[in-house]
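Have a look at the structure below, then the notes.
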Amino acid sequence: MTIQVTQKAAQHIQRALEKDGGVGMRFGVKTVGCSGLSYTFERALEASPDDEIFESRDVKVFVKKSDLLFLDGSTLDFERKGLNELFKVENPKAAATCGCGESFTIEDNN
């Protein structure tokens, strides 16, 4: 099981943690959007027993064990486009994304 972070994403996470505190970034999924699932990103204040912790480029990424089914193998990147800033996820498990790019589906192997 892996979650990777690009250099740009790691720098953004480190700056946010220096400014607002915390021990890392929480990366997950929630049910929403046109395609069914959406990524979530928030500051992690502490680890919970339900977390898998991944360390990449000196930052910690916390993922609920139940979310790993959808996120394993993902790479987090960070992008600035004009005034917009956003995390981009390269997720090998995503079978399709919606037109807005904020939700995705996974392939059902059953």
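Every number here is computed from the coordinates shown, using simple stated rules; none is lab data. Quantities reported herein were computed from a predicted structural model and do not represent experimental measurements. When we count neighbours, we look across all protein chains shown, and the Cβ atoms used for this are built from the backbone with ideal geometry, even at glycine.
Quick notes on this structure:
- Mean residue ellipticity (222 nm) of the chain, computed from DSSP H runs ≥ 4 via -39,500 (n - 2.57), nearest 500: -4500 deg cm²/dmol
- Rounded to the nearest 20 debye, dipole of the chain from Cβ charges on Lys, Arg, Asp, Glu: 320 debye
- Crossing angle, helix 7-20 versus the chain [Cα axis fit, 0-90 degrees, rounded to tens]: 60 degrees
- Residue (of SER48, PHE27, HIS12) at the positive-pole extreme of segment 3-106, dipole from beta-carbon charges: HIS12
- The antiparallel fraction among DSSP beta bridges confined to the chain stands at about 85%.
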